[in-house]
Each structure stands twice: as C-alpha cells, then as structure tokens.
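First the structure, in the form of structure tokens, and then the observations on it.
The values are calculated or read from the model by the stated rules, or taken from the named source; none is laboratory data. Please read all numbers here as calculations on a predicted model, not as lab measurements. So basically every Cβ, Gly included, is an ideal-geometry build from the backbone, and we count neighbours across all protein chains shown.
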C-alpha cells in the first residue's frame, strides 16, 4: 500500500466514526412523544411499554390528593382521551387546559402510569403593558430584605 492509500483509508475511517457519533447524538437528543389517538390505535400492543405521551389536560379531570400525593387527570389530543396517574406533586405550570407531556408506562391497556410530568408553556412573550409594572416594584426586588424591627 502506498502512503497516499493509507492516508485516504485513515481519513475514511475517521469520517465514518465522526458521522456515527453525530448520528447517535442526534438520535439520543431527539425526543418524540405520541398522542392519545396514536396510543389508542396501538391498543394492547402498547401495554407495559415505556414512552412519552403528550396532549392537553382535560378541564375538570384534574384531581390531586395532597395527603397521598396521588394525581389523576386525562390527556387529550382533541380526538381521544387517556387516563393518567402520577404519584408526587405536579409542576408549577401544570394546570387544566394546558399542554403536558408525561413519561411512563401504559398499564393494562387502560391507564397511563406516569413517572414524570413535563408541563408545556406558551412560547409567546408578552411584555408588560404600560402601568402594569411600576419602577418602584422593580427597584424593590433588587433591594436586600429589611431586618425585623426596623
């Protein structure tokens, strides 16, 4: 083998390894979720499989028991609904009528057992309207808290 052939072969191996690492990184970073309609279409084949489920929290379906930390609600995509159970406190942005993504397993083909809840938020930024935020309020947030008794 000539020196040029060895160099070309080495460059091909390095490029192939680099391409594989990039492909693997993109594949790991891409996070997909299925909708309630897609879950219903899978039916029994989705039972006891782990995945992400995304949709809107159905208004009136959210029930949280503070003593046991048991949270139940329904997710919808506008066509189908899926019952979801989670043990723990919900995220701050989690509410009825808002978007959410849950990670977990579809147990017995009728209830999604969530281990994690990701609350979606609006991607629109709306600056405060004139008169909504006062300069004194902003200044007060920058000051150190006053000591008791002063």
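For region 16-37, check the following and say yes or no: at least one residue is surrounded by 13 or more Cβ atoms within 10 Å (Cβ to Cβ) and within 15 Å of residue 117 (Cβ to Cβ).
yes
Can you tell me which residue within region 93-121, out of those that are more than 15 Å from residue 52 (Cα to Cα), under 13 Å from the mean Cα position of the chain (by Cα) and surrounded by fewer than 17 Cβ atoms within 10 Å (Cβ to Cβ), is modelled with the lowest pLDDT?
Checking each candidate, the answer is 121.
Look through 43, 10, 24, 60 and report the one residue that is modelled with pLDDT of 90 or more and not in a loop (DSSP other than H, G, I, E, B).
10
Just one of (1) at pLDDT 90 or above; (2) touching a helix residue (DSSP H, G or I) at 6+ places or on another chain (Cβ under 8 Å) trips up residue 74, so point out which.
(2)
In a loop (DSSP other than H, G, I, E, B), modelled with pLDDT of 65 or more and not assigned by TED's automatic domain parsing to the domain that holds residue 39, is that true of residue 126?
Answer is yes for this residue.
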